[in-house]
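The values are calculated or read from the model by the stated rules, or taken from the named source; none is laboratory data. Keep in mind it's a predicted model, so treat the numbers as computed, not measured. Quick reminder, even Gly has a Cβ in these numbers, built from the backbone with ideal geometry, and neighbours come from all protein chains shown. In case anyone asks, the SASA skips ligands and DNA or RNA and just uses the protein heavy atoms, side chains included. Shrake-Rupley method; radii C 1.70, N 1.55, O 1.52, S 1.80 Å.
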Number of protein chains: 2
Amino acid sequence: MKSAHQQPQDCDLLITGGLVLTLDEQDRRFDPGAVAIDLGKIVDVGPAADLGPRFHPAATLSAAGCVVLPGLINAHTHAAMTLFRGLADDLPLMDWLQGHIFPAERKLTADWVYWGTLLACAEMIGSGITTFCDMYLFEHRVAEAARDAGMRALVGEVLYDFPSPHYGPIDQGLRFTEDLIREWHGHPLVRIAVEPHALYTCSPELLQRCGDLAAHHEVPLITHLSENQAEVDQILARYGRRPVAHLAELGLLHERLIADHCVALDQHDIDLLAEHRVQVVHNAESNLKLASGIAPVPRLLAAGINVALGTDGCASNNDLNLFGEMDTCAKLHKVATLDPTTMAAPTVLRLATAGGARALGLGDSVGTLEPGRLADLIAVDFQQPHLTPVYDPVSHLVYAAGPADVRHSVIGGRVVLKDRVIQTLDLEEVLHHARRIARIVRS
Amino acid sequence: MKSAHQQPQDCDLLITGGLVLTLDEQDRRFDPGAVAIDLGKIVDVGPAADLGPRFHPAATLSAAGCVVLPGLINAHTHAAMTLFRGLADDLPLMDWLQGHIFPAERKLTADWVYWGTLLACAEMIGSGITTFCDMYLFEHRVAEAARDAGMRALVGEVLYDFPSPHYGPIDQGLRFTEDLIREWHGHPLVRIAVEPHALYTCSPELLQRCGDLAAHHEVPLITHLSENQAEVDQILARYGRRPVAHLAELGLLHERLIADHCVALDQHDIDLLAEHRVQVVHNAESNLKLASGIAPVPRLLAAGINVALGTDGCASNNDLNLFGEMDTCAKLHKVATLDPTTMAAPTVLRLATAGGARALGLGDSVGTLEPGRLADLIAVDFQQPHLTPVYDPVSHLVYAAGPADVRHSVIGGRVVLKDRVIQTLDLEEVLHHARRIARIVRS
C-alpha cells in the first residue's frame with residue numbers, strides 16, 4: 001500500500017513556484033506554492049515541496065517570482081465597445097451618446113461585434129481577467145468570441161422597448177435570447193443571461209417578461225440600475241417609485257438579479273437590495289468619467305450585499321483594467337467617506353475575485369483556488385521595481401500592480417497567456433480587424 | 001550654395017517613426033515624425049521624411065508604432081519611500097505615521113535613501129517620467145541617485161522646527177541646504193530647492209528663513225500646503241489665519257513657491273494663489289488614499305493658476321505612475337463637479353508635461369518638443385490591444401495607456417530606457433539592495 005501511495009498522480013498541468021494566494025475562507029497562502037490541475041479543475045493546492053513529488057504533470061508552468069491568485073472577474077462590460085475607445089470623451093452624456101456613440105452603433109454589424117469582442121478578450125486576457133459579463137448587441141457573436149478566446153463569460157442580448165438594430169422588435173429579442181440560452185446550455189465556458197437594458201428603456205411589461213424568461217431557465221437577470229440621479233428622477237416621475245422600489249414592486253429583486261452601477265441609492269434602496277440578496281456591480285471609473293456619482297459601496301457591504309467590480313465599456317472608461325478599478329475603488333471610497341480605513345486592500349481584492357464569481361452565479365466554481373474548483377488563475381510577476389520590496393502582496397495587487405504585470409493566465413485549465421503571449425488568439429489578426437473597422441467608424 | 005544646404009547636418013541622435021506630439025502652443029503633430037537631438041537638446045522636430053535626409057545622426061532610435069511626446073514630470077514625491085511601499089495601508093493618518101512610517105524612518109540612513117531613490121528612479125524611468133521633484137531626508141543622496149540614474153530632478157532637504165534624524169538642529173539643516181545649492185549649482189540634471197515641510201511643522205521664523213535662503217539663491221521654495229481640513233483648522237487656531245493667508249502674511253506667496261496638495265481651499269485662498277502666481281502640485285491619488293479630500297483643480301485652472309501633477313510618496317499611493325494620476329485626475333474632477341466636460345484629456349496631459357515643467361522652474365527648458373529645448377522625451381508603444389484602434393492619441397495617453405507601455409525614454413539627449421530596458425542602472429543590483437533594506441525594516 002505504501003508504494004502505491006507514493007506513486008505520483010497524473011495531472012494535466014502543475015503551476016509551481018511563487019507565492020500562491022488561495023483567497024479561500026482561511027486565506028491560505030503557500031510560498032513557494034503549487035497548483036495541480038486536471039480536466040480543467042484544481043486537483044490540489046499547497047506547498048510546492050509537497051505537491052511536486054505527488055504529481056506527474058503532462059505540463060508545468062513556472063510561476064517563480066510571481067504571485068498566483070484566482071483570475072479577476074470583470075462583472076460588467078460592453079466588450080465590443082473597444083472599437084469606440086477614445087472616439088469621443090469629456091462630453092455631456094447625451095451629446096456623447098447621440099452625437100457619437102449612437103451614430104457609430106448604427107453601422108454596427110455582427111462582424112464588428114465579433115472582432116471588437118476579440119479585441120476586448122485580448123486586452124482582458126493580457127490583464128488578468130478570466131471571466132467577463134457582457135451586455136450588447138449581436139450577442140451570439142460575443143459568445144463565439146469568448147469561446148474562441150478561451151474566456152469564461154456570461155453574456156446576453158440587450159433588450160428594450162424600441163426596435164433593435166440587431167433583432168428588430170422586442171418579441172424577436174426575447175426569442176433570440178431564449179434560443180441563445182438553449183444553444184449554449186451546458187457549455188463549459190459560456191452561459192447566457194436575460195438582459196433588459198434599464199428601467200428607463202424597458203416598460204414594466206418587458207421587465208416582467210424578461211424576469212419570467214430568466215426564472216424559467218434559471219439564468220441571471222441583468223440590468224443597469226440607478227446609474228445616476230437623473231435616472232432616479234425619471235423613474236420617480238414616471239412610476240412614482242424609485243428604480244429599486246420599482247423592481248421590487250415588479251417582483252424582480254432576487255439573488256439572480258445582477259444590478260449594474262447602483263450609484264444613486266437611498267437607505268430604503270439599500271435595505272431592499274440587501275433583503276432580496278441582489279448582486280451589485282460597481283463600476284467606479286465609468287461612474288467618475290460620466291460624472292454619474294460614487295456608489296455607496298461601503299454601505300452596501302455593511303448591509304451584507306455582495307458587490308463585484310466591473311470596467312463598463314471602453315467608451316466610458318477607457319480600458320478593461322481591473323487592477324485600475326481595484327486601485328480606484330480602494331482609494332475613492334476613502335475620500336467619499338473621509339475614512340482612510342474603508343475598503344482596505346483585502347476587501348477590494350475579494351470584490352474582484354470571489355465577489356465577482358458570486359455575482360455571476362459562479363460562486364461555487366471560481367473566485368478562489370481550492371480543490372474541485374475550475375482552474376481559473378493568474379500569475380503576476382513581482383520581480384519589478386514598482387512591486388519591490390514586498391511587505392504585503394495584497395497591498396501591491398490592489399495599489400501598485402498593473403495589467404502588464406500579469407505573466408500567465410489559465411482558464412478552465414487551459415493556458416491562455418504564457419509569458420505575456422496570448423495563446424488562443426492571433427493578436428495581429430485581431431488588431432488588423434479592429435483597425436479596419438475603425439476606418440469605417442471614422443468615415 | 002545649394003549643395004552645401006543639402007549636406008546632412010551631424011547630430012547625436014535621431015528618433016524617427018511614430019506619431020510625434022510636440023504639445024507646443026500650436027499643438028503640432030507629425031506622423032510619421034522625427035526628433036533630431038544634439039548636445040542634449042532638440043535641434044529639430046518635424047516630418048520624418050523631412051528630417052531624415054537633413055540629418056546625419058550618430059545613433060537612431062526607432063519609434064515606429066509609438067507616440068512620441070515630452071517626458072512626464074512628477075512634480076511631488078518622496079522617492080526613497082519606495083522602501084516602505086505597502087508597509088502599512090488603510091489606516092488613519094496618525095496611526096499610519098506614528099505606528100509604522102516614523103518607526104521605519106527612525107532607522108533611515110543615507111544608504112537607504114540612495115538605494116530607495118534609485119528604486120524609484122527605476123520605476124519612474126520605466127513609466128515615462130523624465131523629471132521628478134523630491135522632498136526627504138539625506139537629500140544629497142537623492143541628488144546623487146538622480147544623477148546616477150540620469151534623471152532630471154529638483155531636490156531639497158526637508159526642514160522643520162524639531163531636530164532631524166539627518167542634520168540635527170535646524171541651523172545645520174539650513175546650512176546643509178545652502179551647501180547643496182552651491183555644490184550642485186550649474187549641474188545639467190540636478191537642481192536644489194529650499195523645502196520647509198509644512199506650516200504646522202515650521203514656525204513663521206523658520207518659514208521666513210527658508211524664504212530668504214531661496215530668494216537669495218533664486219531657487220524654488222517648496223512646501224506642503226492645505227493638504228486637508230485638519231491642517232487648516234490647526235493653522236487657523238494657532239495663527240488666526242488659514243494656511244494660504246498665513247504664507248501671504250509672511251510674504252512667501254510668489255512664482256517660485258511650489259505648493260504641494262492645496263486640497264482644502266476657500267475662494268480667498270484661490271484668489272491669493274492666483275494673484276501671486278503660485279505653482280500648485282495636485283496629488284490626486286494620495287489625497288484619495290489618505291482621505292484628505294479633492295483639490296479644486298478646475299477652479300484653480302479657471303483662476304489662471306499653473307497646476308502640475310505629482311504621485312506623492314509610495315507609502316501613500318502606492319506607486320510612481322503618472323499615467324494613473326492622469327487617468328484619476330481626468331475622471332475624479334468630473335464626479336466632484338458633476339460635469340463630464342471638465343478636465344478633458346488634452347488639459348490633463350498638459351498638467352503632466354508643460355504644467356510640471358513650469359511649476360519646477362523649467363518652463364523654458366522641457367515640457368514640449370521644440371528646437372532649443374532639452375531633449376526629454378518618451379515613446380509610448382501603441383501596438384497593443386488596449387491602445388487599438390486610435391481615434392485620438394491624447395485620449396489613449398490619459399485614459400488607457402499604462403506605465404509598461406513606455407518603450408523608450410530620453411533625458412537630456414541620453415537614452416535612459418531602450419525597448420523597456422533601463423540603460424543607466426543595474427536593475428538587479430537595485431532590487432537586491434531594496435530587498436536587503438526591507439529585511440531590516442521588517443525586523
Exercise. What nm distances, shortest first, do you get from the label point of A:Asp179 to those in the other copies when the point sits 7 angstrom along Cα to Cβ?
Worked result: 8.2
Exercise. According to the Cα gyration tensor, what semi-axes, each the square root of 5 times an eigenvalue, does the equivalent ellipsoid of the range A:295-443 have, listed from largest to smallest in whole Å?
Worked result: 28, 21, 18
Problem set entry | Exam field: A:Glu205 pseudo-label spacings to other copies (7 Å along Cα-Cβ), nanometres | 8.4
Problem set entry | Charge dipole magnitude, Cβ of K and R +1, D and E -1 - the protein assembly as shown, Cα centre, debye nearest 20 | 920
For this session: Give a residue-ordered list of calculated ³J(HN,Hα) values for the range B:241-256 (Karplus: 6.51 cos²θ - 1.76 cosθ + 1.60, θ = phi - 60°; whole Hz; x for Gly, Pro).
Result: 9, 6, x, 5, 5, 4, 5, 4, 4, 7, x, 10, 8, 7, 5, 8
Seminar exercise, completed: Each residue of A:287-293 has, on average, a number of other protein chain C-beta atoms within 10 Å of its C-beta equal to 6
Problem set entry | Packing-based ranking, highest mean first, of A:55-61, B:195-201 given that Cβ atoms within 10 Å are counted | B:195-201, A:55-61
Seminar exercise, completed: Among B:Val416, B:Ser443, B:Val430, the residue whose Cα sits farthest towards the positive end of the charge dipole of the range B:386-443, when +1 is placed on the Cβ of each Lys and Arg and -1 on the Cβ of each Asp and Glu, is B:Ser443
Exercise. Taking only protein heavy atoms and a 1.4 Å probe, what accessible area per residue, in Å², does chain A have with all protein chains in place?
Worked result: 34
For this session: Count, for each residue of A:119-126, the Cβ atoms from other chains sitting within 10 Å of its Cβ, then give me the mean as a whole number.
Result: 3
Seminar exercise, completed: Ignoring ligands and nucleic acids, chains A and B bury, in total, an accessible area (1.4 Å probe) to the nearest 100 Å² of about 4500
Exercise. For the range B:198-237, which GluC sites (Glu not before Pro) are both in a DSSP coil and crowded by at most 13 other Cβ atoms within 10 Å?
Worked result: B:Glu218
For this session: Give a residue-ordered list of calculated ³J(HN,Hα) values for the range B:352-359 (Karplus: 6.51 cos²θ - 1.76 cosθ + 1.60, θ = phi - 60°; whole Hz; x for Gly, Pro).
Result: 7, 10, 4, x, x, 4, 5, 4
Exercise. In peptide A:89-100, what is the residue-averaged number of other protein chain Cβ atoms found within 10 Å of each Cβ?
Worked result: 3
For this session: Mind checking the range B:254-347 for GluC sites (Glu not before Pro) that DSSP puts in a loop (not H, G, I, E or B) and that have at most 16 other Cβ atoms within 10 Å?
Result: B:Glu255
Problem set entry | Simple Cβ-charge dipole of chain A, Lys/Arg +1 and Asp/Glu -1, about Cα centre, in debye nearest 20 | 520
Exercise. Using modelled backbone amide H atoms (1.01 Å from N, in-plane), which distant-in-sequence or interchain residues come within less than 5 Å of A:Ser203's amide H?
Worked result: A:Asp161
For this session: Quick one: with label points 7 Å out along Cα→Cβ, list the inter-copy distances for A:Gln7 in nm, shortest first?
Result: 8.5
Problem set entry | Beta bridges per DSSP with both ends in the protein assembly as shown, % antiparallel, nearest 5 | 45
For this session: Determine which chain A residue has its Cβ at minimum distance from the rotation axis mapping A onto B, giving the value in whole Å.
Result: A:Ala404, 2
Exercise. Looking at the square roots a ≥ b ≥ c of the eigenvalues of the Cα gyration tensor of chain B, which shape do they give, rounded for a/c under 1.5, prolate if a/b is larger than b/c, or oblate?
Worked result: prolate
Exercise. Given A:Ser365, A:Val307, A:Val394, which one lies farthest toward the positive end of the charge dipole of the range A:289-443, if we put +1 on the Cβ of every Lys and Arg and -1 on the Cβ of every Asp and Glu?
Worked result: A:Val307
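Greater than 28 Å separation of Cα atoms is the criterion. Which listed pairs, A:Lys331/B:Lys41; B:Lys331/B:Lys418; B:Lys107/B:Lys331; A:Lys331/B:Lys334; A:Lys331/A:Lys418; A:Lys334/B:Lys334, meet it?
From the list (A:Lys331/B:Lys41; B:Lys331/B:Lys418; B:Lys107/B:Lys331; A:Lys331/B:Lys334; A:Lys331/A:Lys418; A:Lys334/B:Lys334), the Cα-Cα distance tops 28 Å for A:Lys331/B:Lys41; B:Lys331/B:Lys418; B:Lys107/B:Lys331; A:Lys331/A:Lys418.
Round to a whole number: what % of the accessible area of chain B belongs to carbon and sulfur, probe 1.4 Å?
Numbers: 7750 of 15010 Å².
Looking at chain B in its full context, I get 52 percent from C and S.
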Seminar exercise, completed: Given 10 °C, 1.306 mPa s and a Kirkwood radius over Cα pairs, the Stokes-Einstein diffusion coefficient of the protein assembly as shown in µm²/s is 56
Problem set entry | Euclidean distance between Cα centres, the range B:170-186 to the range B:121-138, Å | 21
Exercise. Which one of A:Leu159, A:Trp184, A:Ser127 is farthest out on the positive end of the charge dipole of the range A:124-188, using unit charges on Cβ (Lys, Arg +1; Asp, Glu -1) and the Cα centre as origin?
Worked result: A:Ser127
For this session: Mind ranking B:His100, B:His246, A:His268 by accessible surface for me, highest first, 1.4 Å probe?
Result: A:His268, B:His100, B:His246
Exercise. Is the range A:120-168 best put as rounded, prolate or oblate by its Cα gyration tensor, with a ≥ b ≥ c the root eigenvalues, rounded for a/c under 1.5, and otherwise prolate when a/b is larger than b/c, oblate when not?
Worked result: prolate
Seminar exercise, completed: Quick note, the range B:238-287: a/c under 1.5 would make it rounded; otherwise a/b > b/c is prolate and the rest oblate (a ≥ b ≥ c, C-alpha gyration tensor); here it is oblate
